[in-house]
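*Asks:* Right, I'll just put the structure down here and ask away after.
The values are calculated or read from the model by the stated rules, or taken from the named source; none is laboratory data. Because the structure is a prediction, the values reported are computed rather than measured. Cβ: placed from backbone, ideal geometry, glycine included. Neighbour counts: every protein chain shown. Just the protein is used for accessible areas: all its heavy atoms, side chains included, with ligands, DNA and RNA removed. Shrake-Rupley method; radii C 1.70, N 1.55, O 1.52, S 1.80 Å.
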Amino acid sequence: MSAAPAPTRVLFIGNSLTYYNGGVEKHLERMCNECGDSAVVLCKSVTKGGATLSHLWRKVSECKKQIRTQAFDYVVLQDDLPELNDVADFTKFVGKFVALVRECGAQPMLYMCWAYERLAHRASQAAIEEAHREVGNALKVDVVPVGCARLELP
């Protein structure tokens, strides 16, 4: 009898758009693991309410520590463009995270956020999608279109 393969390890880095409603990482882990006897996916997160990737890079050392020490397969990066309203800053800090993630042997991914009513005047859904796709293409990073999918929900 062969041993079960090692689970895929995923780290989520972001803010309340990642941890709200029980945490994206917990829902993903539950959905992936509910049909078997052993874990297929193991997820962790480092999040801080209201934080941008710039803030997480500069002020939350746990983000870089987890990437460097935990041998993740994927690191999912979530910024908040409606709050940030600065594509240059978004691009800069996604680039910093992507370089570190790759240096540590993991695959980076971008979690596309969404426009929300409180800040609709600052960032439209179209602008958010464009920024994520441009950065994703430039850095050759997959974009998970959470913001687009969210628009399809009732």
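*Asks:* If I ask for residues that are assigned to a helix (DSSP H, G or I) and either open to solvent by less than 70 Å² (accessible area, probe 1.4 Å) or over 17 Å from LYS96 (Cα atoms) (or both), which ones from region 35-61 would you list? So that I can check it myself, show each step before the final result.
*Replies:* Just the residues of region 35-61 that are assigned to a helix (DSSP H, G or I), to begin with: 53-59, 61.
Within region 35-61, LEU53, SER54, HIS55, LEU56, TRP57 qualify.
*Asks:* With the structure loaded, tell me whether PHE93 is open to solvent by less than 70 Å² (accessible area, probe 1.4 Å) and in contact with a Pro (Cβ under 8 Å, 6 or more places away or on another chain) or whether it fails that test.
*Replies:* no
*Asks:* Any idea which residue in region 1-42 is farthest from the chain's Cα centre (by Cα), counting only those that are closer than 22 Å to PHE90 by Cβ and not aliphatic (A, V, I, L, M)?
*Replies:* Taking region 1-42 as the starting set, the residues that turn out to be closer than 22 Å to PHE90 by Cβ are 10-20, 24-25.
From what is left, the residues that are not aliphatic (A, V, I, L, M) are 12, 14-16, 18-20, 25.
Details: PHE12: 5, GLY14: 6, ASN15: 9, SER16: 11, THR18: 7, TYR19: 11, TYR20: 13, GLU25: 10 Å.
My answer is TYR20.
*Asks:* Being of a type outside the set (A, V, I, L, M, F, W, C) and touching a helix residue (DSSP H, G or I) at 6+ places or on another chain (Cβ under 8 Å) is the filter here; which residues of region 28-69 pass it?
*Replies:* Let us first name the residues in region 28-69 that are of a type outside the set (A, V, I, L, M, F, W, C), namely 29-30, 33-34, 36-38, 44-45, 47-50, 52, 54-55, 58-59, 61-62, 64-66, 68-69.
Answer for region 28-69, where residues must be of a type outside the set (A, V, I, L, M, F, W, C) and touching a helix residue (DSSP H, G or I) at 6+ places or on another chain (Cβ under 8 Å): LYS44, SER45, THR47, LYS48, GLY49, GLY50, THR52, SER54, LYS64, ARG68.
*Asks:* Just for region 67-93: of the residues that are part of a helix (DSSP H, G or I) and among the aliphatic types (A, V, I, L, M), which one is modelled with the lowest pLDDT?
*Replies:* From region 67-93, those part of a helix (DSSP H, G or I) are 67-69, 81-84, 87-93; that's our starting set.
The next check asks that each one be among the aliphatic types (A, V, I, L, M); those that pass are 67, 81, 84, 87-88.
Values: ILE67: 98, LEU81: 71, LEU84: 60, VAL87: 84, ALA88: 90.
Among those that are part of a helix (DSSP H, G or I) and among the aliphatic types (A, V, I, L, M), it is LEU84.
*Asks:* While we're on this one: If I go through region 25-52 residue by residue, how many of them are hydrophobic (A, V, I, L, M, F, W, C), touching a strand residue (DSSP E or B) at 6+ places or on another chain (Cβ under 6 Å) and farther than 20 Å from PRO5 by Cα? First the steps, then the outcome.
*Replies:* Going residue by residue through region 25-52, those that are hydrophobic (A, V, I, L, M, F, W, C) are 28, 31-32, 35, 39-43, 46, 51.
Right, trim to touching a strand residue (DSSP E or B) at 6+ places or on another chain (Cβ under 6 Å) and you get 28, 32, 41-43, 46.
Retained after the next criterion (residues that are farther than 20 Å from PRO5 by Cα): 46.
Number of matching residues: 1.
*Asks:* Please list, ordered by first then second residue, the pairs with beta carbon atoms under 6 Å, 6 or more apart or interchain, first in region 139-154 and within 19 Å of PHE93 (Cα to Cα), second among the hydroxyl-bearing types (Ser, Thr, Tyr).
*Replies:* If the second residue must be among the hydroxyl-bearing types (Ser, Thr, Tyr), the pairs left are VAL144/TYR111.
*Asks:* Working only within region 100-125, note down all residues that are modelled with pLDDT under 85 and open to solvent by 50 Å² or more (accessible area, probe 1.4 Å). Before you say what the answer is, go through the steps one by one.
*Replies:* Let us first name the residues in region 100-125 that are modelled with pLDDT under 85, namely 114-125.
Of everything in region 100-125, those that are modelled with pLDDT under 85 and open to solvent by 50 Å² or more (accessible area, probe 1.4 Å) turn out to be GLU117, ARG118, ALA120, HIS121, ARG122, SER124.
*Asks:* Which residue pairs have Cβ atoms under 8 Å apart, sit 6 or more places apart or on different chains, and have a first residue in region 1-25 that is touching a residue at least 12 places away in the same chain (Cβ under 8 Å) and buried (at least 22 other Cβ atoms within 10 Å of the Cβ) and a second that is among the aliphatic types (A, V, I, L, M) and part of a loop (DSSP other than H, G, I, E, B)?
*Replies:* Pairs that qualify, where the first residue is touching a residue at least 12 places away in the same chain (Cβ under 8 Å) and buried (at least 22 other Cβ atoms within 10 Å of the Cβ) and the partner is among the aliphatic types (A, V, I, L, M) and part of a loop (DSSP other than H, G, I, E, B), are LEU11/ALA106; GLY14/ALA51.
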